[in-house]
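What follows is a single structure, and I will ask about it in a moment.
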Amino acid sequence: QVQLVESGGGLVQAGGSLRLSCAASGRTFSSYVMGWFRQAPGKEREFVATIRWSAGSRYYADSVKGRFAISRDNAKNTVYLQMNSLKPEDTAVYYCAGRYGSSSSYENDYQYWGQGTQVTVSS
């Protein structure tokens, strides 16, 4: 059983920054891919970023490219999402997710999910 726990959400003004963390417990695998998704009120959940544990390959949604950065600390089994230049449209519940295999931007490919953390960006 893998458990994912997000933290770091909150309220920030437009143009500000936040760093989200996702701590993974249970089984850990070098082939794990970790991703961040978000869901705004009244909208579908959407892909934000993904990173492989071992190779460090990173992929981003176009809407966050250049502003967000995903990273990981394998020793701590933790994945981070550094969010800079935040915009009101970034307001959403952010979810951490994990899967075996190759990188993916499709939520149905992910087997493990955290409970989510709220990010609110005021204008």
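Need one number: the % of Cα-Cα pairs in the range 1-61 sitting beyond the 19 Å mark.
44
Averaged per residue, what accessible area in Å² does the range 1-120 show with a 1.4 Å probe, protein chains only?
Ligands and nucleic acids excluded, the figure is 50 Å² per residue.
Between the range 92-123 and the range 30-89, how many Å separate their Cα centres?
Going from one Cα centre to the other spans 8 Å.
Shifting gears a bit: So how much slack lies between S105 and R19, counting 0.36 nm per residue of separation and subtracting their Cα-Cα distance, in nm?
Extra length available between S105 and R19 comes to 28.9 nm.
A further question on this structure: Can you tell me what the convex hull of the Cα atoms of the chain projects to on average, as an area in nm²?
Value for the chain: 6.8 nm².
Carbon and sulfur: what percent of the range 1-98's accessible surface (1.4 Å probe)?
Whole-percent figure for carbon plus sulfur exposure: 45.
Can you find, among S7, W53, S21, the residue sitting farthest towards the positive end of the charge dipole of the range 2-81, where Lys and Arg contribute +1 and Asp and Glu -1 at Cβ?
Among S7, W53, S21, the one farthest towards the positive end of the dipole of the range 2-81 is W53.
Could you check the spin-label model distance between K43 and E89? Points 7 Å from the Cα along Cα→Cβ, value in nm.
0.7
Here's a follow-up. As an exercise, take the mean of 1/r over every pair of distinct alpha carbons in the range 52-101, invert it, and state the Kirkwood radius in angstroms.
12.4
What's the magnitude of the charge dipole for the chain around its Cα centre, counting Lys and Arg as +1 and Asp and Glu as -1 at the beta-carbon? Answer in Debye, nearest 20.
280
Residue-wise, which Karplus ³J(HN,Hα) couplings in Hz belong to the range 110-119, taking 6.51 cos²θ - 1.76 cosθ + 1.60, θ = phi - 60°, and x for glycine or proline?
Each residue's phi maps through the Karplus curve to give 9, 8, 10, 9, x, 7, x, 9, 7, 10 Hz.
The values are calculated or read from the model by the stated rules, or taken from the named source; none is laboratory data. Note that the structure is a prediction, hence the values are computed from the model and not measured. Note that each Cβ is placed from the backbone with ideal geometry, even for glycine, and that neighbours are counted across all protein chains shown. SASA here: full protein model, heavy atoms, side chains in, ligands and nucleic acids out. Shrake-Rupley method; radii C 1.70, N 1.55, O 1.52, S 1.80 Å.
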